[in-house]
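Visitor: Would you mind keeping the following structure in view while I ask a few things?
The values are calculated or read from the model by the stated rules, or taken from the named source; none is laboratory data. Remember, it's a predicted structure, so these values are computed and weren't measured experimentally. What goes into the accessible areas is simple: the full protein's heavy atoms, side chains included, and nothing from ligands, DNA or RNA. Shrake-Rupley method; radii C 1.70, N 1.55, O 1.52, S 1.80 Å.
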Amino acid sequence: MKNKKTNPFLRRFLSIMGDEKRQKITIPILAILLSLLAGAVVYLIMGKNPLKAYLSFLQGAGLFPKGNYAAKRSMVTDLMSMLNAWTPMLLASLSVAVAMRSGLFNIGVSGQMMLAGLVATVTIGYSPLPAVLAKPLVVLVAVLVGAAASALIGFLKYKWNINEVVSAIMFNYIIRYTVSFSIKSFIADPISRQSRAVGPAARLSLMDTEIGGLKMDIPLGLILALVSVFLVRFLFQKMKLGFEFRTIGANPRAAKYAGIHVGRNLILTMTFSGALAGLAGATYFLGYYGSIQPDTLISTGFDAIAVCILGNSNPLGILLASFLITVIDKGGIYMSSTVGVRQEIGALITALILLFAACGAFFRYFIAARRQQMLDADHAEKKEAEV
């Protein structure tokens, strides 16, 4: 009885965290709570009210009403803008998850997004095609380009065992400078110094669309992103190919011994991952943003790695994790103006979430160790009582 009296909080904590299956949900939630607590400490040190700061994140993302709005703007328009930004983040995170399930690390998502965006922009984005043809073709071209770029990384891994991280990083540099050269030489806007904006017919977001007296951005690609979540989940849980991906990720030697063609599946994994990255590029460069900025790889592909970790590489977990990160990112501007701190504090909150999420292995070890200690103590106490 002494053990129960001296450790009531620990016992309750272990009960809440649950078994290994339940910890796939409870540990990410714990990471988020710890990061928000750490963020609150940062705000208090700066002399700011953390509750007001966190509320302003929700207001900026359109999840809570602001005090006032400009003409033709409301909470709905803020929400639609946030969903527009969420779409490429969700797709990029799914791209990383597909690769991770086979034990691969696709750090080249940003490069694949950029290349897919450029090719889709040049071939379809500037064409006079009507919207009914241009929008599907934009998606098709971007998916094929992203798949081809990523499949090459998988082929190098299979043929010559070149580490996918190294080759992906090199391809990121090659794509970045090639795309930048192409933009500056052929399609640069003389004012913005970015690529010329794609035509409305090819754009995957309906920008400033007036509905009910409000001007809002409608992300058409969000439908594709949500469908992709359930397709990836179906692939992992119901299809033989998904089972092979997971088996290779768990133990490549055992998979090979079981008759699974490891090399072919590595290439297929990277192909599927690149296809999702290409789709993310289309929804970003021909949707959310509308043009391509040279000399810069967007952070979406890199943030997607951390989002994937937070979501445990599970499509539904990624759906929620990417939504949370996008809320913080989009709400950061309003938080900065409302609370009176730099916008980078929002990025700090995101970094804290991802830092605690990366400690998932430690949390699992801690829970297992403490649970075993309590079981041993209870057993010893029971034995002593019997004596």
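Visitor: Ignoring ligands, DNA and RNA, what percent of the 1.4 Å accessible area of region 6-65 is carbon and sulfur? List each step's numbers first, then the result.
Guide: Details: 2570 of 3600 Å².
For region 6-65, the apolar C and S fraction of the accessible surface comes to 72 percent.
Visitor: Give me the Kirkwood hydrodynamic radius of the chain in Å, from all C-alpha pairs, to one decimal place?
Guide: On the way: mean 1/r = 0.0439 Å⁻¹.
With all distinct Cα pairs of the chain included, I get 22.8 Å.
Visitor: Same structure again: Can you give the alpha-carbon Rg of region 1-132 over 2.2 N^0.38 Å, where N counts its residues?
Guide: Normalised Cα radius of gyration, region 1-132: 1.61.
Visitor: Answer rounded, prolate or oblate for region 238-387, using the Cα gyration tensor with square roots of eigenvalues a ≥ b ≥ c: rounded when a/c is under 1.5, else prolate when a/b is larger than b/c, else oblate. Don't skip to the answer; put the middle values down first.
Guide: Values: a/c = 3.64, a/b = 1.28, b/c = 2.84.
It comes out oblate by the Cα gyration axes.
Visitor: Going from most exposed to least, what order do Phe155, Phe57, Phe230 have by accessible area with a 1.4 Å probe? Before the final figure, lay out each step's value.
Guide: Working: Phe155 80, Phe57 10, Phe230 125 Å².
Output order, biggest surface exposure first: Phe230, Phe155, Phe57.
Visitor: Pick from Ser195, Ser228, Ser74: which residue has the top mean-square fluctuation in a GNM of the chain where Cα pairs under 10 Å get a spring?
Guide: Ser74
Visitor: For the chain, take the longest principal axis of its alpha carbons; what is the angle in degrees between that and the long axis of helix 344-358, to the nearest 10 within 0 to 90?
Guide: Helix 344-358 sits roughly 50 degrees off the main axis of the chain.
Visitor: What are the radius of gyration and Dmax of region 68-145, computed over its Cα atoms and given in Å?
Guide: For region 68-145, the Cα radius of gyration and maximum Cα-Cα distance read 16.4, 50 Å.
Visitor: Kindly express, to the nearest 10 degrees and within the range 0 to 90, the angle between helix 262-283's C-alpha long axis and the longest C-alpha principal axis of the chain.
Guide: Tilt of helix 262-283: around 60 degrees.
Visitor: Per DSSP H run of at least 4 residues, take -39500 (n - 2.57); add these up for the chain, divide by its residues and hand me the 222 nm value, nearest 500 deg cm²/dmol.
Guide: Working: 16 runs with 271 residues, N = 387.
It comes out at -23500 deg cm²/dmol, rounded to the nearest 500.
Visitor: Pairing the Cα long axis of helix 75-101 with the longest principal axis of the chain, what angle in degrees results, from 0 to 90 and rounded to the nearest 10?
Guide: Once rounded, one gets 70 degrees.
Visitor: What number comes out for accessible area per residue over the chain if the probe is 1.4 Å? Units Å², please.
Guide: Numbers: 19420 Å² over 387 residues.
Here the residues of the chain average 50 Å² of exposed surface.
Visitor: Can you list the HN-Hα couplings for region 195-209, worked out from phi with the Karplus curve (6.51, -1.76, 1.60; θ = phi - 60°), rounded to whole Hz and with x for Gly and Pro?
Guide: 5, 4, 5, 6, x, x, 5, 9, 6, 8, 10, 8, 7, 6, 7
Visitor: With a 1.4 Å probe and all protein chains kept in place, how do His379, His261 rank by accessible area, largest first? Present the calculation step by step, with values, prior to reporting the outcome.
Guide: Values: His379 120, His261 90 Å².
If we order His379, His261 from most to least accessible, we get His379, His261.
Visitor: To continue, here is another question. With springs only between Cα atoms under 10 Å apart, run a GNM on the chain and tell me which of Glu210, Glu164, Glu244 wobbles the most.
Guide: Residue with maximal mean-square fluctuation among Glu210, Glu164, Glu244: Glu210.
Visitor: Could you check how much of the accessible area of region 99-234 is carbon and sulfur, as a whole percent, using a 1.4 Å probe?
Guide: On the way: 4780 of 6660 Å².
Answer for region 99-234 is 72 percent, counting heavy atoms of protein chains only.
Visitor: Among Leu286, Leu115, Leu33, which one moves the most in a GNM of the chain with springs linking Cα atoms closer than 10 Å?
Guide: In the Gaussian network model the winner is Leu33.
Visitor: Shifting gears a bit: With respect to the cross-link table entries Lys135/Lys215; Lys159/Lys256; Lys52/Lys330; Lys184/Lys330, which display a Cα-Cα separation exceeding 18 Å? Walk me through the numbers on the way to the answer.
Guide: Details: Lys135/Lys215 21 Å; Lys159/Lys256 16 Å; Lys52/Lys330 16 Å; Lys184/Lys330 29 Å.
From Lys135/Lys215; Lys159/Lys256; Lys52/Lys330; Lys184/Lys330, over 18 Å: Lys135/Lys215; Lys184/Lys330.
Visitor: Let me ask something else about it. Between region 39-102 and region 223-242, how far is it from one alpha carbon centroid to the other, in angstrom?
Guide: Using only Cα atoms, the two centres lie 26 Å from each other.
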